[in-house]
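Report on the following structure.
The values are calculated or read from the model by the stated rules, or taken from the named source; none is laboratory data. Note that this is a predicted model, so its numbers are computed, not measured. Don't worry about glycine lacking a Cβ; one is built from the backbone with ideal geometry, like all the others, and counts go over all protein chains shown. Surface areas here come from the heavy atoms of the whole protein model, side chains and all, with no ligands, DNA or RNA. Shrake-Rupley method; radii C 1.70, N 1.55, O 1.52, S 1.80 Å.
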There are 2 protein chains.
Amino acid sequence: MAKLDFGPIADTTRRAEIVALLRRAILTGQLEPGQKLNELRISEQMRVSRAPLREAMRELVQEGILTSIPYAGTFVIDVTAKDIIDAYSLNKVLDEFAIELAWPQRDQRFFDELDRRHEAVKQATRAVDTTRQIETALQLHGLIYEWADNSVLLETWQRLTSRLQMYFALHQRALNEPVPAEGVHETYVALLKGADMRAAQHHAREHIDVDFEELLAYARGLEKRTSKN
Amino acid sequence: MAKLDFGPIADTTRRAEIVALLRRAILTGQLEPGQKLNELRISEQMRVSRAPLREAMRELVQEGILTSIPYAGTFVIDVTAKDIIDAYSLNKVLDEFAIELAWPQRDQRFFDELDRRHEAVKQATRAVDTTRQIETALQLHGLIYEWADNSVLLETWQRLTSRLQMYFALHQRALNEPVPAEGVHETYVALLKGADMRAAQHHAREHIDVDFEELLAYARGLEKRTSKN
DNA sequence: GACAAGCAGATTGTCGACAATCCAGCAAGA
DNA sequence: TCTTGCTGGATTGTCGACAATCTGCTTGTC
């Protein structure tokens with residue numbers, strides 16, 4: 001008999017499903033920054049009572065993509081240019097660290113997974129599914145964190161990723177054009193397969209900076225718009 | 001009239017108070033790792049209904065110091081040696097980054113605050129209040145993060161700090177002797193006041209390693225004990 | 001017309017009760 | 001003896017209703 005190790009069974013609480021639904025709505029930009037979440041309205045739409053909805057919202061507040069003001073409401077976080085700068089500069093540091101840790105851990109499974117995720121990005125790009133394109137690109141990026149074998153680092157990166165995904169989605173929705181980043185992933189994947197760790201670390205920085213400039217320009221636009229109100 | 005900027009007034013929801021109470025109980029080790037939190041019992045003790053208690057617990061789960069298994073219960077996280085290693089190695093990286101960012105931001109207020117917090121540590125040490133000693137030491141350490149002017153970094157460090165505080169408290173409770181770290185803070189403070197950034201970064205690593213070895217030994221003891229069960 | 005007090009509506013926070021699920025223990029059968 | 005199925009009690013998940021708070025408008029007064 002083949003050796004099968006079963007993972008934990010799916011969470012079947014309403015709360016978990018609500019969290020997933022809300023997170024997706026926020027990260028894809030369907031819920032816009034600053035927007036208020038009306039508990040009664042949402043609970044009726046989802047055919048759920050307010051209790052599990054509120055618990056789900058509390059989780060997302062701690063996750064950093066919602067913000068809560070007592071007796072006033074819960075809102076999608078606002079996105080400022082500084083937030084994006086901060087997130088990206090931290091991401092650089094974490095990337096270097098993750099590559100350093102993951103480097104000696106690379107094995108055949110790592111390379112296979114690398115190819116698989118790279119393929120997923122290319123497929124999403126061909127299908128012009130921008131939302132999925134962002135998701136797959138971040139998953140490709142996250143591989144080094146999964147292989148770094150540092151649970152705290154992984155958890156930290158996942159929190160950061162939530163925001164980055166939101167920023168990209170907003171950027172994409174605002175401009176309504178696909179994210180470029182065509183050949184960038186090619187060299188990234190190639191370097192992770194190579195033998196020069198420092199080169200991979202260096203490229204991670206550059207790669208980030210490419211998208212960063214574009215995203216930052218968008219954020220500055222946001223700043224001006226919100227300051228008008 | 002003097003320019004006064006008022007901060008937000010205190011949260012007056014039961015939920016917020018419950019979060020504070022539970023967090024403190026966990027971080028001081030009054031609630032032991034792996035221990036189950038019975039909702040009914042705690043809500044009765046606190047004279048609160050289960051709704052705000054559950055919401056508070058959801059926050060602490062996302063904060064990383066509780067873990068929840070659907071229909072089974074919510075538990076204080078287990079502490080493994082690997083967790084401590086992971087947290088500390090990430091802390092090193094973040095420290096270097098924080099010092100780099102905070103370095104040019106140092107001003108008179110920074111130095112004053114540095115002295116103030118250093119004094120608080122010494123006072124707690126003299127009073128042999130170990131819980132407060134841990135708190136103040138971490139607050140001293142956190143100054144560079146507050147001055148780094150990177151909200152995401154600060155938030156990340158605060159999450160990490162929760163765990164570190166818990167680890168130290170457990171360590172202290174287990175050995176029932178005050179944490180040494182007497183002269184270490186002296187040089188740390190002196191270096192942050194100095195002109196050599198690289199030296200400060202380097203010391204931060206060493207300083208960490210001192211406590212680290214001790215803490216790690218304790219964690220390995222934990223490992224053995226739990227593996228016996 | 002300007003401004004403060006107060007009221008009504010809406011929304012969030014909290015509560016107590018019910019439903020769904022789990023777990024330990026026991027009984028029945030192979 | 002081991003396994004399987006059942007059952008009662010305890011605990012978590014969810015619900016609907018009530019209380020506390022905020023907000024905008026109205027009203028009354030100057």
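Overview of values
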quantity: Verdict on B:ARG41 being at pLDDT 95 or above, within 8 Å of DNA strand C (Cβ to nearest atom) and open to solvent by 30 Å² or more (accessible area, probe 1.4 Å); calculated: no
quantity: Residues (within 15 Å of DNA strand D (Cβ to nearest atom) and either of a type in the set (Gly, Ala, Ser) or under 21 Å from A:SER162 (Cα atoms) (or both)) located in the stretch A:30-59; calculated: A:GLY34, A:LYS36, A:SER43, A:SER49, A:ALA51, A:LEU53, A:ARG54, A:GLU55, A:ALA56, A:MET57, A:ARG58, A:GLU59
quantity: Conditions (1) within 16 Å of DNA strand D (Cβ to nearest atom); (2) of a type outside the set (Lys, Arg); (3) within 20 Å of the chain's Cα centre (by Cα); (4) open to solvent by less than 20 Å² (accessible area, probe 1.4 Å); number of the one not met by A:THR74; calculated: (3)
quantity: Residue match in the stretch B:50-69 (condition: within 11 Å of another protein chain (Cβ to nearest Cβ), over 27 Å from A:ALA98 (Cβ atoms) and surrounded by fewer than 14 Cβ atoms within 10 Å (Cβ to Cβ)); calculated: yes
quantity: Hey, B:LEU21 in a helix (DSSP H, G or I), within 11 Å of DNA strand D (Cβ to nearest atom) and open to solvent by 50 Å² or more (accessible area, probe 1.4 Å) or not; calculated: no
quantity: Leading residue by the ranking (farthest from DNA strand C (Cβ to nearest atom)) among those in the stretch A:44-95 that are of a type in the set (Val, Ile, Thr) and free of Cβ contacts under 8 Å to residues at least 12 places away in the same chain; calculated: A:VAL93
quantity: Among (1) of a type outside the set (Phe, Trp, Tyr); (2) under 25 Å from A:TRP157 (Cα atoms); (3) open to solvent by 30 Å² or more (accessible area, probe 1.4 Å), the one test that A:LEU94 misses; calculated: (3)
quantity: Some residue of the stretch B:108-117 being more than 30 Å from A:TYR145 (Cβ to Cβ) and within 12 Å of chain A (Cβ to nearest Cβ); calculated: no
quantity: Which numbered condition B:THR131 fails, given (1) open to solvent by 30 Å² or more (accessible area, probe 1.4 Å); (2) touching a helix residue (DSSP H, G or I) at 6+ places or on another chain (Cβ under 6 Å); calculated: (2)
quantity: Pairs, first small (Gly, Ala, Ser) in the stretch A:186-202, second part of a helix (DSSP H, G or I) and surrounded by 12 or more Cβ atoms within 10 Å (Cβ to Cβ), C-beta under 6 Å, six or more apart; calculated: A:ALA199/A:LEU191; A:ALA200/A:ILE99; A:ALA200/A:LEU191; A:ALA200/A:LEU192
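Residue-wise test of (1) at pLDDT below 90; (2) surrounded by fewer than 20 Cβ atoms within 10 Å (Cβ to Cβ); (3) over 14 Å from B:PHE212 (Cα atoms); (4) of a type outside the set (A, V, I, L, M, F, W, C).
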| position | (1), (2), (3), (4) |
| --- | --- |
| B:TRP147 | no, no, yes, no |
| B:SER151 | no, yes, yes, yes |
| B:LEU175 | yes, yes, yes, no |
| B:GLU182 | yes, yes, yes, yes |
| B:HIS185 | yes, yes, yes, yes |
